[in-house]
Amino acid sequence: MAAPRGVKAKLTKENLKTLPKLIKYLFKYYKWQMILVFFLLTIVTVSTTAASIFLPIIINTISATDPVTKETTIFAFDVVKDQLTGIAIALGTLYVLGLIASLLYTQIMAFVGQGFLDKLRRDMFNKMESLPISYFDRTPHGDIMSRYTNDVDAIRQFVSQTLIQAYQALLTIIFVVFMMLYYSVWLALIAFVGVFVVTRIIKHIGGNSAKYFMKQQMTTGAVEGYIEEMMNGQKVVKVFNHEEESKAKFNELNDNLYNDAKNANYYGNILMPILNNFGNLLYILITIIGVVLFALNAWNLSIGRLFDSTYAYVGIATIVVFLGMTKQLTQTIANVSQQMSMIAMAMAGAARIFNLMEQTPELDEGYVTLVQMKEENGKLVETTERTHHWAWKYQHKSSDKLEYVELKGDILLDNVDFGYYEDKIVLHNIDIYAHPGQQIALVGATGAGKTTITNLINRFYDLADGKVRYDGININKIKKADLRKSLAIVLQETNLFTGTVMENIRYGRLDATDEEVIEASKIANAYDFITRLPDGFNTMLTHNGANLSQGQRQLIAIARAACADAPVMILDEATSSIDTRTEALVQAGMDKLMEGRTVFVIAHRLSTVRNSDCIMVLDKGRIIERGTHDDLLAKKGTYYQLYTGAFELE
């Protein structure tokens, strides 16, 4: 959406605090390269301002002006040729050094600029992968994506161009100011007054330019996000005849973008002509005042007079060099002003990126790990071989005792309370006992807390109160990666990744062989439709499997869980997108898959949970009924109403 009214998207003090962070981050990876670049930039800056040094020397070499009579004597070339030759060699050498330094720093920055972005994106992605699920629940995914695109691109421009130009401009201003004071304090004061006026102009016009460039960035994101949303929802748009409303909304967003872009470019385009013309006026003013001082033979206050009596009075050389330096100073400040909007965008982008980078990662204080075991001399010992026999490696903190607890799949939730927010508890006094090989069904209305319970078993969230035990071990003591390795899950919303069908099924266990992947597809009854695809298991899937039906995507997700071969399975509406005929086939495969495993089934279609060992009915975060299918029907309570109501609808 567009930037809210009243929000000032400009270079604020808060955003400027990000600058040291960004520079420090850059130097973390490219310290010596950047030191070398700044050294080379110093050479380039000196070479570009060399005329300010050599021009008065050349003038004073070839001529001399009498301060009283104002008569100027031009010396013969034969008299000054040696001095001129030396000056030419020195000036030429300086320019050649500047050229070499320029070539070197541009090559280094081409490497540093892209390399820094590569490392920044890697660090961002690594950080993102370490964050808890709760961060993604409260942060819009489009907002996270914009940090990888718009914000990183703003930093690219800052590192590759703006930072270099700002440093070069700073050196130029320092050098020019010193040279002005060296030649004439009086003329320097006139120039400084002009610079003060220039900065006021920049603050007004440049501030507006930066503000609207920032808003342009925000409204561009809003337009792009809306287009993506409409593309994904075209079927819904057409089914409900929402075309005109969609166009009206797009026109509104597009008009906002037009206005922000127009204002940004308006202020950006008028700034340089105003500054250039003001520079010309200052140039004329310096000329007039300089000539008056020269004509009046005015006493000159300068640093140069301490070393050379020539600068005791304002001379032709002083006036000429001052005109060049005045032009250079105003142009440098004007060039910096053009970068203000880019700096504002880069600092705002960097602030958003560092906000991501400084998020607290998912905490994991677990120390119990999952290992494979094999029988050796009648005893179970730890091994690196894949034996399908797992155990928890439990190093007790209170002692040096090392214990191996066989992984069976015994799950206990003991008096569990939980809330996504501390002041809003959504689960109350949850007690669930799931013994190895049992199938536990969770049923209830939408929002009753079914999926939340399975999220707690995965430790996507931590409890407010109570305990969850896995084979008698508090899951807080189990490393999260090992805990999740022992669980397989099929979600209602399938997620397929860009890659082949084989790779998507193997996502459940990366070391699975092709034969094991094929066997998993047979268990899920996905084998037949996969073999009918154009390239079979090597068929490429893109855009979350857009080239497959919803049911086929669900079958691949079930095959992925079968491939994981975990002792505990969570099926969250696993057959919700499958037709009744396919469901019967899949259910047969799933029955085979669930043999000997602890299974949690979440289902709205109650016909799929009739054979569960225990059915738990939830309502508003509480378990209100529990028992077998027949027991619950006999009670004629909430489950009975849900079950019979479901069949009445059918």
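The values are calculated or read from the model by the stated rules, or taken from the named source; none is laboratory data. The model shown is predicted, which means the values in this text are computed figures rather than measured ones. We place every Cβ from the backbone using ideal geometry, glycine too, and count neighbours over all the protein chains shown.
What to note about this one:
- Within the range 473-508, tally of residues that are charged (D, E, K, R), over 28 Å from the mean Cα position of the chain (by Cα) and within 21 Å of Val416 (Cα to Cα): 1
- Looking across the range 222-276, the residues that are among the small types (Gly, Ala, Ser) and either free of Cβ contacts under 8 Å to residues at least 24 places away in the same chain or not assigned by TED's automatic domain parsing to the domain that holds Val197 (or both) come down to Gly233, Ser246, Ala248.
- Residue check, Gln438 more than 30 Å from Asp619 (Cβ to Cβ) and of a type outside the set (Gly, Ala, Ser): no
- Boolean, Val159 is surrounded by 19 or more Cβ atoms within 10 Å (Cβ to Cβ), in contact (Cβ under 8 Å) with a residue 24 or more places away in the chain and in the same structural domain as Val291 (by TED's automatic domain parsing): yes
- Residue in the range 89-101 that is modelled with pLDDT of 90 or more, within 24 Å of Arg156 (Cα to Cα) and either basic (Lys, Arg) or part of a helix (DSSP H, G or I) (or both) present: yes
- Screening Asn263 with (1) surrounded by 17 or more Cβ atoms within 10 Å (Cβ to Cβ); (2) within 22 Å of Met179 (Cβ to Cβ); (3) modelled with pLDDT of 75 or more; (4) not charged (D, E, K, R) gives one miss only, at (2).
- Ala188 being crowded, with 16+ Cβ neighbours inside 10 Å, more than 35 Å from the chain's Cα centre (by Cα) and of a type in the set (A, V, I, L, M): yes
Each row is one residue, and each column tells you yes or no for (1) in contact with a Lys or Arg (Cβ under 9 Å, 6 or more places away or on another chain); (2) surrounded by 15 or more Cβ atoms within 10 Å (Cβ to Cβ); (3) closer than 30 Å to Leu427 by Cα.
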residue	(1), (2), (3)
Leu483	yes, yes, yes
Ser486	no, yes, yes
Met502	no, yes, no
Asp514	yes, no, no
Ala524	yes, yes, no
Ile530	no, yes, no
Phe537	no, yes, no
Ser549	no, no, no
Ala566	yes, yes, yes
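- Odd one out for Asn126 among (1) surrounded by fewer than 12 Cβ atoms within 10 Å (Cβ to Cβ); (2) touching an Asp or Glu at 6+ places or on another chain (Cβ under 6 Å): (2)
- Residue match in the range 277-289 (condition: touching a residue at least 12 places away in the same chain (Cβ under 8 Å), assigned by TED's automatic domain parsing to the domain that holds Leu189 and more than 53 Å from the chain's Cα centre (by Cα)): yes
- Hey, Leu463 in contact (Cβ under 8 Å) with a residue 24 or more places away in the chain and either crowded, with 19+ Cβ neighbours inside 10 Å or at positive phi (or both) or not: yes
- Restricting the first member to the range 85-114 and to residues that are closer than 24 Å to Ile53 by Cα and in the same structural domain as Met34 (by TED's automatic domain parsing), and the second to residues that are aromatic (Phe, Trp, Tyr) and assigned to a helix (DSSP H, G or I), the beta-carbon pairs closer than 8 Å and six or more apart or on different chains are Ile87/Phe54; Ala90/Phe54; Leu91/Phe54.
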